[in-house]
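Engineer: One structure, as structure tokens, below. Some questions next.
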Amino acid sequence: MAGKAVVSLITGLEDSEKVTVAFLTAVGAAESGRPTLMFLTKEATRLAIEGTAVGVACDGCPPLTDLVKRFQAAGGRYYVCPVCFGARKLDQGTLIAGAELNGTVPLWDWIGDDAATTFSY
């Protein structure tokens, strides 16, 4: 089995190109058979809300909605920082499929004792 991958993202749609690159990285890992988790913090927590990850960041960039669908289809999961989520007064009932509120301890539990490749955006 391929090693785990964690993509940490702090940016929301205020930097849609960075969000696109993070999703491309996560999709690539998940579609390659790696157990893949995106850890969404700060403004990136909004991306876990249904209907938020939309748009095209640049000429030639894939639509974010397509990347979200591909990530989900490949078994990708999201841990959404509960502190950041709560600070923004977001509604847990609107989380997208595969997203759950979990902080750093569950993140480390998910990684476990295995090696994990990490990316931070």
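Engineer: With each run of n ≥ 4 DSSP H residues scored as -39500 (n - 2.57), what mean residue ellipticity at 222 nm is computed for the chain after dividing by its residue count and rounding to the nearest 500 deg cm²/dmol? Don't jump to the answer; show the numbers that get you there.
Structural biologist: On the way: 4 runs with 40 residues, N = 121.
Rounded to the nearest 500, it is -9500 deg cm²/dmol.
Engineer: Which shape class applies to segment 37-83: rounded if a/c is under 1.5, otherwise prolate when a/b exceeds b/c and oblate if not, where a ≥ b ≥ c are the square roots of the Cα gyration tensor eigenvalues?
Structural biologist: It is oblate, given that a/c is not under 1.5 and a/b is not larger than b/c.
Engineer: Is the chain rounded, prolate or oblate when judged by the Cα gyration tensor, a ≥ b ≥ c being the square roots of its eigenvalues, rounded requiring a/c under 1.5 and prolate requiring a/b larger than b/c? Spell out each step's value before the answer.
Structural biologist: Values: a/c = 1.67, a/b = 1.09, b/c = 1.54.
Verdict is oblate for the chain.
Engineer: Mean-square fluctuation check for the chain, GNM, Cα pairs under 10 Å: which of Val27, Val105, Val83 is largest?
Structural biologist: Sorting by GNM fluctuation, first place goes to Val105.
Engineer: Kindly report the accessible area of the chain per residue (heavy atoms of protein chains, probe 1.4 Å, no ligands, DNA or RNA), in Å².
Structural biologist: Averaged over the residues of the chain, the accessible area is 50 Å².
Engineer: State, as an integer percentage, the relative contact order of the chain based on alpha-carbon contacts under 8 Å between residues 6 or more apart.
Structural biologist: Working: 221 pairs, mean separation 41.7, N = 121.
Averaging sequence separation for qualifying contacts and normalising by length gives 34 percent for the chain.
Engineer: Hey, another quick one. Which lysines does Lys89 reach when only Cα atoms under 29 Å apart count, and residues fewer than 8 places away in its own chain are ignored?
Structural biologist: Of all the lysines, those that pass the test against Lys89 - Cα under 29 Å, at least 8 places apart if same chain - are Lys18, Lys42, Lys69.
Engineer: For Asp114 and Glu50, compute 0.36 nm times the residue count separating them, minus their Cα-Cα distance, and round to one decimal in nm.
Structural biologist: Value of the extension gain: 19.9 nm.
Engineer: Loop-only check: which trypsin sites (Lys or Arg not before Pro) in segment 1-90 are DSSP coil with at most 15 other Cβ within 10 angstrom?
Structural biologist: Numbers: sites: Lys4, Lys18, Lys42, Arg46, Lys69, Arg70, Arg77, Arg88, Lys89; in loops: Arg88, Lys89.
Here the sparse-neighbourhood loop sites are Arg88, Lys89.
Engineer: When the chain is fully extended, how far beyond the present Cα-Cα distance does Glu14 get from Ala97, taking 0.36 nm per residue of separation?
Structural biologist: Extra length available between Glu14 and Ala97 comes to 27.6 nm.
The values are calculated or read from the model by the stated rules, or taken from the named source; none is laboratory data. What you are looking at is a predicted structure, and each value in this text was computed from that prediction instead of being measured. Using ideal geometry, Cβ is built from the backbone for each residue, glycine included, and neighbour counts are taken over all protein chains shown. Surface accessibility is based on the protein's heavy atoms, side chains included, excluding ligands, DNA and RNA. Shrake-Rupley method; radii C 1.70, N 1.55, O 1.52, S 1.80 Å.
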